[in-house]
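The values are calculated or read from the model by the stated rules, or taken from the named source; none is laboratory data. Predicted model, so just to flag it, every value in this text is computed and none were measured. Neighbour counts run over all protein chains shown; Cβ positions are idealised from the backbone, glycine included.
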Number of protein chains: 2
Amino acid sequence: MDDQLTRDLFLGFIKIHILHHAVKEDIFGQEFQNELNRHGYNISFGTLYPIFHRMEEQGYVESYKKNVDGKVRRYYKATKQGKKVLEKAKTQAKELVEELYEE
Amino acid sequence: MDDQLTRDLFLGFIKIHILHHAVKEDIFGQEFQNELNRHGYNISFGTLYPIFHRMEEQGYVESYKKNVDGKVRRYYKATKQGKKVLEKAKTQAKELVEELYEE
DNA sequence: AAGTTAATATTGTAATACGATATTGTCAAG
DNA sequence: CTTGACAATATCGTATTACAATATTAACTT
């Protein structure tokens with residue numbers, strides 16, 4: 001269990017991960033949570049799904065349903081606007097890291 | 001004016017900036033907002049001050065008042081716990097950037 | 001048609017964001 | 001002294017977000 005600030009800081013990282021992956025391939029909730037876990041991030045579905053929903057409402061990703069092995073998944077992929085935001089976030093993230101690591 | 005997601009993503013970055021600077025030197029609100037502006041971040045005092053307050057409540061920074069040229073500033077500096085969280089955030093941020101930029 | 005299962009969706013409460021507004025504390029001028 | 005001005009901090013009210021827990025969906029299986 002992370003402390004509160006750590007969790008808070010990483011929420012932004014998680015959202016960037018979402019965009020990043022949703023640009024590269026179509027993603028869906030369950031699998032993506034596993035991906036996040038692999039990176040050491042912990043997030044519940046009560047947090048993750050609403051993030052997906054909002055990002056779709058606001059036009060950063062779009063979704064479609066697909067039946068896989070008799071289970072219905074909702075896949076998300078980044079829109080043009082989502083890609084644009086991701087590019088900006090990449091630049092800012094890189095600058096942040098450079099500043100954090102300059103001595 | 002950034003769009004909503006961009007602003008949301010950067011809020012985490014801003015909090016990391018706070019810790020980073022509060023480790024290096026004592027910081028206070030007005031000046032720090034300028035520093036953030038220089039980095040292209042936009043944040044109002046109604047957001048910034050409560051962040052400081054919470055970070056203090058939760059033990060990541062501590063503060064003291066100081067009279068400078070007849071004006072009272074509240075300076076913040078990172079605690080041991082704050083430094084610890086920063087180190088973790090640095091690691092995570094670096095990994096994120098590496099992933100974002102690998103082809 | 002009843003049960004099983006993976007996946008998604010939602011609910012209720014607490015916490016957070018943020019523009020606008022108010023407060024504090026000190027100095028300088030009358 | 002006390003009033004005005006100023007930098008800085010603090011808070012208010014509304015709207016949004018986080019999150020664990022719970023509910024729902026949809027297709028397959030027996």
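What the table below lists for this structure:
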| read-out | value |
| --- | --- |
| The stretch B:30-75, residues that are in a loop (DSSP other than H, G, I, E, B) and either modelled with pLDDT under 95 or within 12 Å of DNA strand D (Cβ to nearest atom) (or both) | B:His39, B:Gly40, B:Tyr41, B:Asn42, B:Ile43, B:Ser44, B:Asp69, B:Gly70 |
| Hey, B:Ala78 facing another protein chain (nearest Cβ under 7 Å), within 16 Å of the chain's Cα centre (by Cα) and under 29 Å from A:Tyr41 (Cα atoms) or not | no |
| Residue match in the stretch A:84-93 (condition: assigned to a loop (DSSP other than H, G, I, E, B) and touching a residue at least 40 places away in the same chain (Cβ under 8 Å)) | no |
| Some residue of the stretch B:2-23 being within 11 Å of DNA strand C (Cβ to nearest atom) and away from every other protein chain (no Cβ under 12 Å) | no |
| Failed item in (1) at pLDDT 95 or above; (2) away from DNA strand C (no atom under 15 Å from the Cβ); (3) more than 8 Å from every other protein chain (Cβ to nearest Cβ), with B:Ala93 passing the rest | (3) |
| Some residue of the stretch B:67-74 being within 12 Å of chain A (Cβ to nearest Cβ) and within 17 Å of the chain's Cα centre (by Cα) | no |
| Considering residues of the stretch B:11-54 that are small (Gly, Ala, Ser) and under 12 Å from the mean Cα position of the chain (by Cα) only, the residue surrounded by the fewest Cβ atoms within 10 Å (Cβ to Cβ) | B:Gly29 |
